[in-house]
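First up is the structure itself, then whatever we jot down about it.
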Amino acid sequence: MKLRALAEVDPFTTKDGSTIRELHHTAVQSLAEASLEPGQATQRHYHAVSEEIYLVTAGGGRLEIDGETREVSEGDAALIPPGAWHELVAGPAGARLLCMCAPPYSHDDTFFA
């Protein structure tokens, strides 16, 4: 059994500017917790290959996916298809979310305008 505790995972900053603690990374998928401070935003980007699911676990903000913007909050899950431009701007309470990627997250699969 592979079990990782979130508190034991070292954080790192992704190319889009969010702080990530990656819990699992296999050949086919990855799972990480991302956090943004109040008002902080990810840099608008897309992934050519990876499909992502964001599950907001605390706080929230404004999520834009391919030109459609919605307010998101705790309990909301958003599907981000490969090639879809996206950006999350954290609200006044910041944002914490789980990011599931298949295939797994890669800096090399993150593209900016």
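Couple of notes before you dig in:
- The mean sequence separation of alpha-carbon pairs under 8 Å and at least six residues apart, normalised by the residue count of the chain, gives a relative contact order of 33 percent.
- What the Kirkwood sum gives for the stretch 1-58 is a hydrodynamic radius of 12.9 Å, with every pair of different alpha carbons counted.
- The chain - Kirkwood radius from inverse mean 1/r over Cα pairs (Å): 13.9
- Solvent-accessible area, 1.4 Å probe, carbon plus sulfur percent, for the stretch 12-107: 54
- Each Lys and Arg contributes +1 and each Asp and Glu -1, all at the Cβ; summed about the Cα centre of the chain, the dipole is approximately 180 debye.
- Net charge of Cβ neighbours under 10 Å - reference I65; Lys, Arg +1; Asp, Glu -1: -4
- Translational diffusion of the stretch 53-111, estimated by Stokes-Einstein from the Kirkwood radius over alpha carbon pairs at 25 °C in a medium of 0.890 mPa s, is 207 µm² per second.
- Evaluating 6.51 cos²θ - 1.76 cosθ + 1.60 at θ = phi - 60° for every residue in the stretch 8-13, the Karplus couplings come out as 9, 9, 6, x, 9, 9 Hz, glycine and proline recorded as x.
- Here the Karplus curve 6.51 cos²θ - 1.76 cosθ + 1.60, taken at θ = phi - 60°, turns the phi angles of the stretch 90-102 into couplings of 5, x, x, 9, x, 8, 10, 8, 8, 10, 9, 10, 9 Hz, with x standing for Gly and Pro.
- The 3J(HN,Hα) values that the Karplus relation (6.51, -1.76, 1.60; θ = phi - 60°) gives for the stretch 24-33 are, in residue order, 9, 8, 10, 5, 10, 7, 9, 9, 9, 9 Hz. Gly and Pro appear as x.
- Whole-number Å³ per residue for the convex hull built on Cα positions in the stretch 24-85: 94
- Averaged over its residues, the chain has an accessible area of 56 Å² per residue, based on protein heavy atoms and a 1.4 Å probe.
The values are calculated or read from the model by the stated rules, or taken from the named source; none is laboratory data. Predicted, not measured: the structure shown is a model, and the values here were computed from it. Heads up, the Cβs are rebuilt from the backbone with ideal geometry, glycines too, and the neighbour counts pull from every protein chain shown. All accessible areas refer to the heavy atoms of the entire protein, side chains included, with ligands and DNA or RNA removed. Shrake-Rupley method; radii C 1.70, N 1.55, O 1.52, S 1.80 Å.
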